[in-house]
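These notes concern the structure reproduced below.
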Amino acid sequence: MKAHSPAFPAFTALSLKVVGVILIVSSVIDYITLLVPFNVQDRAWQLTFATQIVDRGVIPLVGISFLLVGYWIGSSYSDSQGDDNLFLDLKFWAFVLASILGLLFLVLPIVHMNNINQQSQEYLKQISAGATQAQQQLTAQSQLVDSLRKDPKKLAELDEAIKSGKVQGAQLQQLQELQKLTQDPKILNERLTAAQTQLGSRKLDAEKRTQTEAWKLGLRTSLSSLLLALGYIAIGWTGLRGMGGGSPASRRKAQAR
């Protein structure tokens, strides 16, 4: 049975390193691109940025893993001791990047959920304001009908405007509807009750839908971010602890043993 050529593991290690570096660099460029236009004070920008970097977060993790596996395969078939200068060792910077991204994805859920909560509160205020405005319109219509019913002169003017033929189209329909309401107040009361019930139901549905969608989006992004943080921290901190266990000389002694 033929032994594997030493060139094959070397080629595999090199391929993994190259692919890993490409994934890491392209991800860093992508993250920088996502920052443009930089508007950190805008909550919508913060939410979009957080969601996008979490969705792309696994790519640099795969790149770092490829790079480290490439180094591991290379060291298994090579007697090279690596760089004595820690800052010239590409693995060191891979571990640093993993640690930084781990901290980023660890903190991000706190900020993201806070933004989600504040945005949800703003939407709820808008829904409440819209419902209040609609209620005010209903109240104004009711007051208008009451004032017409109590003023025969205004009723006569309304009847004259309808019969004159000067008013046409949608405006005429509005006047006729107003006249109908003054003649039968029960219709107005029924419509007001139905409109208020429908308005309250729509408000509750909108509030529930807003809260559900907000928490669904927030939990998905936050949980994904925490999982990424665990992966990055496990790689970064373990790697740095292993590389920082001693000086280059002590690492060479450990390898010699």
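Tell me the net charge near Asn115. Cut-off is 11 Å between Cβ atoms, Asn115 excluded, with +1 for each Lys or Arg and -1 for each Asp or Glu. My count for the surroundings of Asn115 gives -1.
Region 86-146 to region 51-80: how many Å between their Cα centroids? That distance is 33 Å. Rounded to the nearest whole Hz, the Karplus-based 3J(HN,Hα) values (6.51 cos²θ - 1.76 cosθ + 1.60, θ = phi - 60°) of region 90-102 follow the sequence 5, 4, 4, 5, 5, 5, 5, 4, 4, 5, 5, 5, x, with x at glycine and proline.
In the structure displayed, which of Lys17/Lys216; Lys163/Lys186; Lys153/Lys180; Lys154/Lys186 lie more than 28 Å apart, Cα to Cα? Distance filter (> 28 Å) returns Lys17/Lys216. Sorted ascending by nearby beta carbons within 10 Å, beginning with the fewest, Phe8, Phe105 become Phe8, Phe105. Along its principal axes, region 48-150 has C-alpha extents of 104, 19, 14 angstrom, given from the largest down.
Since every read-out is calculated from the coordinates, none of them should be taken as a lab result. Computed from a predicted model, the values in this text were never measured in an experiment. Positions of Cβ are generated from backbone atoms using ideal geometry, with glycine treated the same way; all protein chains shown enter the neighbour counts.
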